[in-house]
């Protein structure tokens, strides 16, 4: 009897000595601006000298481990966004160092929890898709500003008020920009009745809306059809009707609705029904609210977005402030042109103009292309500190007029040769808006016939919208030199 007990004890000690230190599910609680705590889960599987698993970021999205490795008694890996993780055992916990962007870092403690804690809630049954009546809004593409590209989670009440003031003082409001949109990280949770409440960064959302309205502008907000937003804050899942009424009570004029954690509950085939729930709720909330879908182009949204009550829908993944990202997004929109029109627009994501990652020539290309595409013009820079060059781009009323043309026809690619592309769209007053783009890395000459513009003969009039001057059309076509990654934008009549 004693021998068997000793053997069992030795067996337990041996198993303990060989146990995988990191194996299991670990929860990290991270404090974020606004007094909100977010929960991230590390689901790790240690197999000999190998580490596998995923990070469930704030219960909103699954991200695989990149280059996972065991380093002596520690472990390390990175994820697609969220930084690099280093793990060090401390008793029955893990000490976690998260390094963001190779510069700043954050220390946290991970505790072991049941894997079920990282699972999303059970899916609420979705209704059959039935057409939501059109709301009559956004007859031209919405114009405004969004906090995310420049401020991220640092956005607060003061930032939004300052953006509204700047939009008025810098001429953007007079040029047609109207929406001041708060993106993610404003949410504080729900009160005892289930009503959404803002976090401490936004002490009084109705007072903020009143202030923005007093400046002659409109206020937008952000949520998700999932349990949490992309940033891990409270989503509208199961509270669509209640949240729509709350937004209306506050005086909200625009809703960006981001798929995020809904992707852990629903399939892409459920997109129309999930988005319809909020579309129908907005139609019944008693206030006109522009409805913007952010689903990254999943599920061919352009084929059903109008039916669920949307005014615009994302056609791509997130834009980045660089030429590669912007050009790959912008120059791949031609096939979607038939889906755009008054009240319903393709959205290739927000503008990066003025954020510093591209040249002014590239930003003019960015802005020109978005205007030809009849895209929403939602600036994403710091409106208070932008340069004169950025202001000149964003406030070019001749170019804006192309975007806001009431005919609402999106441009298509007409020709492409040797890195030079011609895009054009018809205008309500007759004639065409034509963009001649140089996608090459060096200045390039271009000699184009009027037939390549889609014209049967020499036009009667030609105007350059960046040079703000009329040109004399030549008999055989247009010739010129275009800067690297640059554009010539013309009105042809």
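The values are calculated or read from the model by the stated rules, or taken from the named source; none is laboratory data. All values reported here derive from a predicted model rather than from experimental measurement. Cβ placement follows ideal geometry from the backbone for every residue including glycine, while neighbour counts extend to all protein chains displayed.
Quick check on region 268-288. Is at least one of its residues in the same structural domain as residue 152 (by TED's automatic domain parsing), under 20 Å from the mean Cα position of the chain (by Cα), part of a loop (DSSP other than H, G, I, E, B) and in contact (Cβ under 8 Å) with a residue 60 or more places away in the chain?
no
Would you be able to tell me the number of residues in region 39-61 that are touching a strand residue (DSSP E or B) at 6+ places or on another chain (Cβ under 8 Å), surrounded by 16 or more Cβ atoms within 10 Å (Cβ to Cβ) and not in a loop (DSSP other than H, G, I, E, B)?
Counting residues in region 39-61 that are touching a strand residue (DSSP E or B) at 6+ places or on another chain (Cβ under 8 Å), surrounded by 16 or more Cβ atoms within 10 Å (Cβ to Cβ) and not in a loop (DSSP other than H, G, I, E, B) gives 13.
Which ones in region 218-253 are in contact (Cβ under 8 Å) with a residue 60 or more places away in the chain and farther than 21 Å from residue 154 by Cβ?
218, 226, 227, 237, 238, 253
Being farther than 24 Å from residue 152 by Cα, modelled with pLDDT of 95 or more and out of contact with any strand residue (DSSP E or B) (no Cβ under 6 Å at 6 or more places or on another chain) narrows it down to one of 375, 361, so name that one.
The conditions single out 361.
With (1) surrounded by 18 or more Cβ atoms within 10 Å (Cβ to Cβ); (2) at negative phi; (3) touching a strand residue (DSSP E or B) at 6+ places or on another chain (Cβ under 9 Å) as the list, and residue 463 as the residue in question, which single condition is left unmet?
Of the numbered conditions (1) surrounded by 18 or more Cβ atoms within 10 Å (Cβ to Cβ); (2) at negative phi; (3) touching a strand residue (DSSP E or B) at 6+ places or on another chain (Cβ under 9 Å), the odd one out for residue 463 is (1).
Conditions tested, residue by residue: (1) at pLDDT 95 or above; (2) within 24 Å of the chain's Cα centre (by Cα).
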| position | (1), (2) |
| --- | --- |
| 74 | yes, no |
| 86 | yes, no |
| 93 | yes, no |
| 96 | yes, no |
| 106 | no, no |
| 118 | no, no |
| 137 | yes, yes |
| 149 | yes, yes |
| 156 | yes, yes |
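Using the structure shown, decide if residue 27 is assigned to a loop (DSSP other than H, G, I, E, B), in contact with a helix residue (DSSP H, G or I) (Cβ under 7 Å, 6 or more places away or on another chain) and in contact (Cβ under 8 Å) with a residue 40 or more places away in the chain.
Spelling it out, it is not the case that residue 27 is assigned to a loop (DSSP other than H, G, I, E, B), in contact with a helix residue (DSSP H, G or I) (Cβ under 7 Å, 6 or more places away or on another chain) and in contact (Cβ under 8 Å) with a residue 40 or more places away in the chain.
Starting from region 137-162, keep only residues that are over 30 Å from residue 406 (Cα atoms), then list their pairs with residues that are at pLDDT below 95 and surrounded by fewer than 21 Cβ atoms within 10 Å (Cβ to Cβ) whose Cβ atoms are within a distance under 8 Å, requiring at least 6 positions of separation or different chains.
What qualifies is 153/32; 153/33; 154/33; 156/33; 156/34.
For region 185-198, enumerate the residues that are assigned to a loop (DSSP other than H, G, I, E, B), at negative phi and surrounded by 22 or more Cβ atoms within 10 Å (Cβ to Cβ).
186
Checking the structure you have, find out if any residue of region 422-439 is surrounded by 20 or more Cβ atoms within 10 Å (Cβ to Cβ), free of Cβ contacts under 8 Å to residues at least 40 places away in the same chain and either within 22 Å of residue 361 (Cα to Cα) or touching a strand residue (DSSP E or B) at 6+ places or on another chain (Cβ under 7 Å) (or both).
Scanning region 422-439, I find at least one residue that is surrounded by 20 or more Cβ atoms within 10 Å (Cβ to Cβ), free of Cβ contacts under 8 Å to residues at least 40 places away in the same chain and either within 22 Å of residue 361 (Cα to Cα) or touching a strand residue (DSSP E or B) at 6+ places or on another chain (Cβ under 7 Å) (or both), so the answer is yes.
So which residues in region 199-216 are in contact (Cβ under 8 Å) with a residue 60 or more places away in the chain and crowded, with 18+ Cβ neighbours inside 10 Å?
Result: 199, 201, 202.
Considering only residues that are without any contact (Cβ under 8 Å) to a residue 60 or more places away in the chain and within 12 Å of residue 217 (Cα to Cα), look in region 175-198 and name the one that is farthest from the chain's Cα centre (by Cα).
Filtering first and then ranking leaves 178.
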